[in-house]
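**Q** Questions regarding the structure given below will be posed in turn.
The values are calculated or read from the model by the stated rules, or taken from the named source; none is laboratory data. Nothing here was measured: the structure is a model prediction, and the numbers come from that model. With ideal geometry, Cβ positions are generated from the backbone for all residues, glycine too; neighbour counts draw on all protein chains shown. Protein only, heavy atoms only, side chains kept; ligands, DNA and RNA dropped before computing areas. Shrake-Rupley method; radii C 1.70, N 1.55, O 1.52, S 1.80 Å.
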Amino acid sequence: MNRSIRGFNQENIQDMNRTLLLNLLRKEGICARAHLANLSQLKQATVTNIVSDFIDWGLVKEVGFLVGNKGRRSIGISINNDDFGVLAIRLARKNYTVGIFNLSGRLLDKKRVELDVNQPPRVTFEAIIHEAGELIRLSESRKIIAIGMAIPGPYSEKRGRIELMTGVLGWNEIPIQEKLQYIFKIPVFLEQDANAGALAQYWHNDEDYKNGVVVYIAVGQGVGAGIINNGELLKGCIGVAGEVGHTSICYNGPRCACGNYGCLENYCSSIAFTKEVNRVLRPEIEYNFRQVSQLLRDGDQVVTDIFLDACDKLSVGIVNIINSFNPSVIVIGDEMSHILPSVMLERVKSNVKERVLPEIYANMNITMSVVSNDSMAHGAAIVAINDIFNHPLTYFESNQRDD
């Protein structure tokens, strides 16, 4: 007997139906109960009962009449995006972002803070807590019911901590999830930043991405990949799958803090790009990433050559991903992709086409991120919203009792 096969209890089926309807309603924006029944293939009585619960909880609201076929009128419903929201936090090596999102995943307010790289992590974390508290206070008319946080990997889900942040020591000693939950008294969810970015892409393109493997590559201050297989994140044994920034593209290259040699992120991250421009140009005062990005946009030939070389190195990493996972879609995002996205895309596609089998290349697509805001911050919000949609009873029945 296969003991891994399990059935579904009535409670599980109710949860799945609730989740299905919330996601459909999120995509539709405003629609009638009958339309939800048609989309979900659930009985109209089932949809009516579930929606009634949602309205009682305050999760869904009625928004007036809709005119349907043959002039028939029905009551429109939508997710309550006025009274509830989530807090999103995105931590990077040189900055962090805090933002408020509504339950449909739309950004309402955010603040980005640049960091002193020599600042101890505990000081940075206290600053994040302060800024998060201020943003929640300014959104006092909206109840914040969960927090999602995107953090650099490698991140261990088992320990709830960052295992390594290249160039910044000490984050592995901070119990991020535990402390945030203690301070804000609401559920907190941590996710590796590239996984969060992948969720943001899927949130907007789930119909296009629902079959096969989709890989989101975050080319920022580090390099990571979020891998979605048939709608589910591939996380690995302890949650560190997708750490492509620590795969080697030069086996005898420089030693990385992770212990490997010739790691991809040491050749094509925004930190590596900035470092190489400063090494070659030798300016009197060291350029930061924003300044080297502007040099690139202004057409500086030396900086352009360095950028194209970084794109070439990134291409090698992408070829390795393609040959490992045979994805249907590769999405490139984060800081490096924002400078000259069309140039990066053209260079990467040209390199990849030369390095993989024609049949593989013909059956996949390489594209740039569709999320205009910070994909990882957006994805952090989605991590929290997904839990709300998957377990609405937990959030909203308790909210009613609290009120």
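**Q** I want to check the label-to-label distance for N49 and N278. Put each point 7 Å from Cα in the C-beta direction and report it in nm to one decimal.
**A** 6.4 nm
**Q** Here's something else I'd like to know. Given charges of +1 on the Cβ of Lys and Arg and -1 on the Cβ of Asp and Glu, with all other atoms neutral, how large is the dipole of the chain about its Cα centre, in debye to the nearest 20?
**A** 660 debye
**Q** Follow-up question, since we're still on this one. Given labels modelled 7 Å from the Cα in the Cβ direction, how far is it in nm from S74 to N229?
**A** Here the answer is 3.9 nm between the modelled labels.
**Q** Now, a different point. What percent of all Cα-Cα pairs in the chain falls into each 10 Å bin, going from 0 up to the bin containing the maximum distance?
**A** In whole percents, the pair-distance histogram is 4, 21, 29, 24, 14, 6, 1, 0.
**Q** Using r as the Cβ-Cβ distance of Y361 and N288, and R0 as 22 Å, what FRET efficiency do you calculate, to the nearest 0.05?
**A** Given R0 = 22 Å and the Cβ-Cβ separation, E is 0.05.
**Q** As a test of the formula, what do you get for the chain when each DSSP H run with n ≥ 4 contributes -39,500 (n - 2.57) and the sum is divided by the residue count, at 222 nm and rounded to the nearest 500 deg cm²/dmol?
**A** Rounded to the nearest 500, it is -14500 deg cm²/dmol.
**Q** Right, something else. What distance in nm separates the simple spin-label points at R106 and N38, each placed 7 Å from Cα in the Cβ direction?
**A** 2.4 nm
**Q** Between D116 and I13, what length comes free when the chain is fully extended (0.36 nm per residue of separation minus the Cα-Cα distance, one decimal in nm)?
**A** In short, 32.2 nm is gained.
**Q** Considering the dipole of the chain built from charges on the beta carbon (Lys and Arg +1, Asp and Glu -1) around the Cα centre, which of L314, L22, F273 is farthest to its positive end?
**A** Of the options given, the answer is L22.
**Q** When the expected Rg is taken as 2.2 N^0.38 Å, what fraction or multiple of it is the alpha-carbon Rg of the stretch 8-77?
**A** 1.10
**Q** Where Rh is the Kirkwood radius over the Cα pairs of the stretch 55-202, the temperature 20 °C and the viscosity 1.002 mPa s, what D in µm²/s does Stokes-Einstein return?
**A** Details: Rh = 17.0 Å.
So the translational diffusion coefficient is about 126 µm²/s.
**Q** Another question about this same structure. Once you have the Cα-Cα distance between V123 and S141, take 0.36 nm times their residue separation minus that, and quote the gain in nm to one decimal.
**A** Values: separation 18, 0.36 × 18 = 6.48 nm, distance 2.95 nm.
That pair, V123 and S141, stretches by 3.5 nm at full extension.
**Q** Quantify, in whole percent, the carbon and sulfur part of the accessible surface of the chain (1.4 Å probe; protein heavy atoms only).
**A** Working: 9500 of 19840 Å².
In the chain, the share of accessible area belonging to carbon and sulfur is 48 percent.
**Q** Using 1/(1 + (r/R0)^6) with R0 = 35 angstrom and r between the beta carbons of H130 and M368, what's the FRET efficiency to the nearest 0.05?
**A** It comes to 0.55.
**Q** What pairs from K235/K353; K27/K349; K179/K235; K61/K179 go past 26 Å between their alpha carbons?
**A** Working: K235/K353 28 Å; K27/K349 31 Å; K179/K235 24 Å; K61/K179 34 Å.
Beyond 26 Å: K235/K353; K27/K349; K61/K179.
**Q** Between V244, V319, V98, where does the largest GNM mean-square fluctuation fall for the chain, given springs only between Cα atoms within less than 10 Å?
**A** Comparing V244, V319, V98 in a Gaussian network model of the chain, the most mobile one is V319.
**Q** Using a Gaussian network for the chain with springs between C-alpha atoms less than 10 Å apart, which of these wobbles most: E359, E243, E134?
**A** With Cα springs under 10 Å in the chain, the top fluctuation among E359, E243, E134 is at E359.
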